[in-house]
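Notes follow once the structure below has been shown.
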Amino acid sequence: MPDVGTPFIILGADAVLAALPASPVQLAHACQALGFELAAPATWGDELIAESCLQQLAGYEHATAVMCSCPLVTERLTRASTMLEPFMLTFTSPPVATARYLRAAYEGQALHITYAGACPGADDDLIDARLRPSELLDAFAQSGITLAAQPKSFDALVPLDRRRFYSLPGGTPARDHVERSARRSLIELDGEDVVLELSQRLIEQIPALVDLAVPLGCACAGAGEHALRGKPRAGLLLLEPPRARQKVLDPSLRVEVTQTLIEACALRAAAAEEPTPLEVHMAADATPAPAADDHCDEHEVDQVLETQAPERAAVTMAADDASDVRADAAGESPSDVQAIAILRRRSVSFRSSASASVPRYAMESGEMVPRASLAVVHRALARIASRKAQRQPKIERARRDLSTDLREASSRAVARTPRSLAISAADLPRPVQPPPPARRRLRTMLEL
């Protein structure tokens, strides 16, 4: 434990999943036994982010908004350009928001905050140390602390409120709050190509809040190495207490969790230049850089990188996975495949960030909205046109059948039965209606 400051620890969602089958209460007791004075849940940061998101959605000008509280989401949407910036609601990561809340709640007291989790957005000055979930479990084993032997309830300790009111794991507002407060729907994308699905949502301009944290591997939302099978976010909610009926955090503490896209990109660049020990540990299995004895020319690779670095988009995750598979199949090192892939991408044209013209899409109302790419828009329009073409014959056939039925009904004679013909031919007397009753008049004195 550190000598300066009261030791606090923030337990991320992946740390809770890594400790299974031990409950979150047992994990908090184990952290207390390890020497931490307080084990704060990262759900506090989720609550702050979700509340701030609902406040921004109340006066948001665009129909569709994209939730960006995870650096993985921000990096994926800004990989090629920043044309999606008007639709992005960027926030700090849940661990950083929790650390800000703790600093505000214990203002004037020296704190040493440790974060246990794999969120890449936890690289902040407010967090003094970071631990992977596996490193936290190793620390328990070295200290002789058994998670299964810890109490399952807070008997001797004051329990911390781990309930949620506004949020889902990852900081996204709950569906009922989005529908009631922002008059929008919550769309959680889970397809293989989430960027293509997002582009389709932006073109349709449906009032919605789009969240794509889970398919992009957000650890705070329950995805990642320790994710549960099926729906990770729903499985993580089963480990938490029931939802609260009111706010669980102190409303008198004002904590700012919003973040501009420029700040998010600057933090990501600083983290890439000066990685923390945790990030080095996480990147130990990453693809190594091309060495001097590679099959390709090192000078040529450097030249390509220098000319395209300011404006090129990063390679998609699917291409990186495919390069590793090809390297294993061909018996080549991943560095060789990476260098060859870089050279092959020289023919791809990229749009410079300094370009003044941004591709836009004209709606039927005349409003111009940004689009992800020309290919995505053309593909979406072609799909819509094909659906209309498939429905048009059915609509025309239904109209023809209806008009034919109406004409036949007007010209068709009414079928007469023998009984109806006999009744019409017979001269039957009509029933005599009784006369209406006379109005009763009051009698005068003379008549009496």
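Taken together, the values in this text are just the output of simple stated rules run on the coordinates, not laboratory data. Remember, it's a predicted structure, so these values are computed and weren't measured experimentally. With ideal geometry, Cβ positions are generated from the backbone for all residues, glycine too; neighbour counts draw on all protein chains shown.
Residues SER23, SER185, SER52, arranged from fewest to most other Cβ atoms within 10 angstrom of their Cβ, appear as SER185, SER23, SER52.
Residues whose amide H comes within less than 5 Å of that of ARG130, counting only those at least five positions distant or on another chain, are TYR115 (H built at 1.01 Å from N in the peptide plane).
Remark on SER185: its backbone amide H falls under 5 Å from those of ALA208, LEU209, a criterion applied only to residues 5 or more positions apart or on other chains, H modelled at 1.01 Å from N. Rounded to 0.05, the FRET efficiency of the SER252 and LYS394 pair, given R0 = 56 Å and the Cβ-Cβ distance, is 0.35. How far is it, in nm, from the label point at ALA382 to the one at ALA110 when both lie 7 Å from their Cα along the line to the Cβ? About 6.6 nm separates the two model spin labels. For segment 111-208, the set of GluC sites (Glu not before Pro) satisfying both a DSSP loop assignment and a count of at most 13 other C-beta atoms within 10 Å is given as GLU192. Computed from backbone phi with θ = phi - 60° and the Karplus coefficients 6.51, -1.76 and 1.60, the 3J(HN,Hα) list for segment 47-60 is 5, 5, 5, 5, 5, 5, 5, 5, 5, 6, 5, 4, x, 7 Hz; x is used for glycine and proline. Label positions at ARG419 and ALA129, each projected 7 Å from the Cα along the C-beta direction, are separated by 9.7 nm. Counting beta carbons within 10 Å around each of TYR166, TYR60 and listing the fewest first gives the order TYR60, TYR166.
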